Amino acid sequence: MTDIVVLSLEAWDQVWRRNQHLVAGLLRADPTARVLFVEPAADPLYAVLRDRVVPRRGVGLRLGPVLPEVDAGRLWLLQPTKWLPRVMDSQVDARLARAVVSAARTVGLQDPVLWVNDPAGAATLRATGWRALYDITDDWLLADRTPAEHARLVDDEALLLHRAAEVVVCSPTLAATKSSSRPVHLVPNAVDLAAYQRDSRRPSDLPAGSVALYVGTVHTDRMDLPLLARTAIALAERATVVCVGPAPLAPTDRERLVAAGVVVLGPRPAETIPDYLRHADVLLVPHLVTPFTQSLDPIKRYEYRAAARPVVATAVAGFADSGMPRLTVAAAADFPAAVLAALPSCPVGADGLGSRAALPPVDTAVPDWSERVGQIREIVNLVVGSRDSRARPTVAIAHDYLTQRGGAERVVLAMRAAFPEATVYTTLYDPAGTYPEFADATVVTSPLNRIAVLRRNHRLALPLLAWATGRLRPDADVVLVSSSGWAHGVRTTGRRIVYCHNPARWLYQTDDYLGPEGRRSATKAALVVLRPWLTRWDRRAARSADRYLANSRVVRDRVRAAYGIDATVLPAPHAIAGGDEHEVAALTDWADAGFHLVVSRLLPYKNVEVVVAAFAGMPSRRLVVVGDGPGRAGLVRDLPTNVRVVSGVSDAELRWIYARARALVAPSLEDYGLTPLEAASFGVPTLALEAGGYLDTVAPGRSGLFFAEPTPAAVTAAVEAGERHTWSPEVIRAHAARFSQEEFVAALRRYVAELAEEPRSR
């Protein structure tokens with residue numbers, strides 16, 4: 001027996017579209033199939049505030065209509081109620097999911113296939129883990145939505161693309177865009193030809209005379225309402241513009257259409273739609289031409305062709321280059337005139353009979369839904385036979401704080417590439433201070449994030465970060481933790497994998513962390529007082545992890561010394577190369593001759609001032625420092641003329657800088673040497689301090705050279721040696737390729753899958 005729960009974008013008994021045709025066909029083709037068809041939720045508050053109509057709750061669960069060749073009791077309908085909008089009820093999608101689960105249980109559906117059209121269906125997938133089919137009919141990521149709505153759509157679709165057993169798209173455009181992350185099946189739309197071949201009578205509610213007809217949902221996502229109104233005004237002496245289908249419009253929009261002469265009939269029974277189409281004089285597609293509408297495969301394309309009536313359409317997908325007979329494609333400015341030209345001199349049914357004999361023959365060269373039902377049945381069988389999606393663990397990501405742009409934050413972006421549906425938990429989040437890619441993530445923060453000064457300077461929150469981390473409670477099977485000493489303390493009922501950038505530097509390498517001036521600061525005094533408590537908290541947090549990873553051999557050794565944990569080394573990836581480059585205006589005059597480069601946060605242990613001092617003694621050579629931080633003001637105060645500092649650069653600007661560098665100078669005491677890999681991906685060698693993470697990411701003689709100590713003299717000697725050395729950009733790039741994001745993502749997915757299958761040891 002095949003049980004299916006369909007989360008539909010339209011009600012069963014309004015305009016019959018893809019879902020209704022496919023579901024009805026599946027029920028006829030498979031006598032064991034049972035379907036719960038979930039309609040869009042009733043929204044009483046929205047109805048009052050926008051539509052100014054009497055609110056009503058959803059009609060709930062009821063038996064579906066009897067379908068030809070389908071036994072009664074195999075189709076159930078559910079219309080739930082959405083009492084509050086998302087801005088007032090953050091759990092609205094979870095509540096709707098629970099209503100779906102309850103209804104499925106009531107009608108006896110056992111472990112059903114979840115058929116999803118709307119990205120909001122991700123909430124039901126999260127709640128149930130049912131095997132899923134994601135049938136994409138619209139690219140909602142391209143629709144005009146608020147930033148918050150768009151972010152939700154991005155996260156929901158990422159989860160569906162990741163966890164659905166099979167993904168179906170209805171148009172070649174959708175196939176091209178959605179197949180970048182996984183394989184998809186292309187199943188276009190079609191038409192019920194038999195419905196068009198039966199005897200047809202003119203519907204009694206069609207206005208007398210010529211009719212220019214639009215059939216479908218009148219929605220501002222698709223419909224060019226001003227164009228529809230202009231067309232009605234232009235046709236006033238010749239024909240009436242009529243719309244058949246749901247019209248979820250604001251009252252003001254509806255009033256403007258009616259004032260222009262548009263007759264909005266609303267939805268009509270599905271079996272009558274061919275009659276309206278066949279008895280129209282011209283069929284309209286006054287759609288907006290947007291990226292959203294260009295992703296569609298309009299069912300109108302098939303219905304209009306079957307009806308064999310003249311069609312006038314804007315240049316939207318499905319019509320612009322379809323080669324349909326009787327079709328005129330017109331720009332918005334020319335659309336009303338094109339409709340006038342397409343009107344016949346004598347209206348259909350002018351003989352007073354409105355009979356089939358007065359109509360042209362149906363165009364039978366149109367795909368029938370029966371062909372698509374066969375395709376979708378095979379795909380449903382693949383879903384039924386797939387591994388239960390509940391075996392795929394849910395994943396969340398935790399990170400110390402998202403307030404800066406550094407290597408650790410790039411690792412979090414790589415974690416999101418591995419698990420794009422994962423929610424990110426962090427103590428502090430400053431969108432302006434970190435990478436813009438996090439704008440597409442769902443980010444949950446601690447109570448400290450309400451304090452703006454802490455978002456701008458996380459060091460001020462140092463005494464409170466342990467407490468704030470404990471307030472974060474990721475809800476997931478596996479939490480993937482990116483930690484430099486705080487995030488491994490998050491609380492969760494799931495398993496934890498900690499990716500350690502370094503054990504808490506303020507506890508175990510305090511002097512390096514604070515620098516010479518900070519060693520006499522109030523922060524140092526606070527650390528002295530708090531150290532015993534923080535050390536106990538930190539070690540307890542580390543030892544509560546299920547698996548520990550380290551980004552380098554030196555960090556592995558520090559983890560063993562601090563926590564007594566044997567960590568596995570997983571090098572962090574680089575992912576800077578391969579995108580667009582944007583010129584940096586402040587460096588344009590240096591671009592041709594090239595320059596040496598430092599990319600670093602401006603902190604004491606980074607030793608950037610050592611490199612600046614070295615280049616002060618080499619006036620014929622140029623140095624660019626890319627970075628920001630507490631040390632910037634002191635660094636730029638007495639800057640030599642052959643040294644420039646740039647801050648706040650985008651990735652595209654950083655790529656432009658790397659591509660023009662002669663060599664990267666890396667003088668820091670780093671836990672992991674990311675910047676040498678970024679430089680190497682551009683074929684640029686690195687001159688690095690022989691310490692820390694650079695020992696893992698620099699290949700001496702092939703991708704760079706080492707210098708022994710962070711002094712101006714050592715840096716100067718390394719620069720001179722690097723200029724004497726013969727470098728092969730191809731060899732350097734090959735070295736960088738060993739540390740790709742693809743390898744990192746594959747490893748993370750493997751560790752998560754392994755941990756999810758392991759029994760708990762405690």
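The values are calculated or read from the model by the stated rules, or taken from the named source; none is laboratory data. Note that the structure is predicted; figures quoted are calculated from it, not measured. With ideal geometry, Cβ positions are generated from the backbone for all residues, glycine too; neighbour counts draw on all protein chains shown.
Below, the figures for the structure above:
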quantity: Breaking point among (1) out of contact with any Phe, Trp or Tyr (no Cβ under 6 Å at 6 or more places or on another chain); (2) modelled with pLDDT of 95 or more, for Leu602; calculated: (2)
quantity: Residues of the range 293-331 satisfying the condition of being crowded, with 19+ Cβ neighbours inside 10 Å, part of a loop (DSSP other than H, G, I, E, B) and not aliphatic (A, V, I, L, M); calculated: Asp297, Pro298, Arg309, Pro310, Thr314, Gly318, Phe319
quantity: Residue list for the range 81-117, restricted to those being surrounded by fewer than 19 Cβ atoms within 10 Å (Cβ to Cβ) and acidic (Asp, Glu); calculated: Asp89, Asp111
quantity: Answer from Gly704, Gly692 - the residue that is within 18 Å of Ser728 (Cα to Cα) and either surrounded by fewer than 19 Cβ atoms within 10 Å (Cβ to Cβ) or touching a residue at least 24 places away in the same chain (Cβ under 8 Å) (or both); calculated: Gly704
quantity: Contacts under 7 angstrom Cβ, first residue in the range 69-92 being over 26 Å from Gly108 (Cβ atoms), partner assigned to a loop (DSSP other than H, G, I, E, B) and modelled with pLDDT under 90, 6 or more apart; calculated: Val92/Lys82; Val92/Leu84; Val92/Arg86
quantity: Residues (under 12 Å from Val6 (Cβ atoms) and small (Gly, Ala, Ser)) located in the range 117-153; calculated: Gly121, Ala132
quantity: Any hit, the range 485-497, residues being out of contact with any helix residue (DSSP H, G or I) (no Cβ under 6 Å at 6 or more places or on another chain), under 18 Å from Val752 (Cα atoms), in the same structural domain as Leu549 (by TED's automatic domain parsing) and at pLDDT below 85; calculated: yes
quantity: Qualifying positions in the range 424-462 - farther than 20 Å from Gly407 by Cα and of a type outside the set (A, V, I, L, M); calculated: Thr442, Thr445, Ser446, Pro447, Asn449, Arg450
quantity: Of all residues making up the range 132-159, the number that are more than 19 Å from Ser295 (Cα to Cα) and at pLDDT 90 or above; calculated: 2
quantity: Yes/no for Glu678 being in a helix (DSSP H, G or I) and farther than 25 Å from Val569 by Cα; calculated: no
quantity: Enumerated helices (runs of 4 or more DSSP H) restricted to the range 564-666, each holding at least 2 residues that are buried (at least 21 other Cβ atoms within 10 Å of the Cβ); calculated: 608-616, 651-660
quantity: Qualifying residue in the range 416-430 (condition: surrounded by fewer than 21 Cβ atoms within 10 Å (Cβ to Cβ), within 23 Å of Glu653 (Cα to Cα) and over 17 Å from the mean Cα position of the chain (by Cα)); calculated: yes
quantity: Residue in the range 243-253 that is in the same structural domain as Gly318 (by TED's automatic domain parsing), in contact (Cβ under 8 Å) with a residue 40 or more places away in the chain and of a type in the set (D, E, K, R) present; calculated: no
quantity: Tally, over the range 540-554, of residues that are in a helix (DSSP H, G or I) and within 18 Å of Leu480 (Cα to Cα); calculated: 4
quantity: Residue identified as surrounded by 12 or more Cβ atoms within 10 Å (Cβ to Cβ), β-branched (Val, Ile, Thr) and not assigned by TED's automatic domain parsing to the domain that holds Pro676 among Val719, Val745; calculated: Val745
quantity: The lone exception for Glu437 - which of (1) outside any helix (DSSP H, G or I); (2) of a type outside the set (A, V, I, L, M, F, W, C); (3) under 30 Å from Leu755 (Cβ atoms); (4) modelled with pLDDT under 90 it fails; calculated: (1)
quantity: Selection count, the range 705-761, where residues are part of a helix (DSSP H, G or I) and either within 30 Å of Tyr548 (Cα to Cα) or under 24 Å from the mean Cα position of the chain (by Cα) (or both); calculated: 22
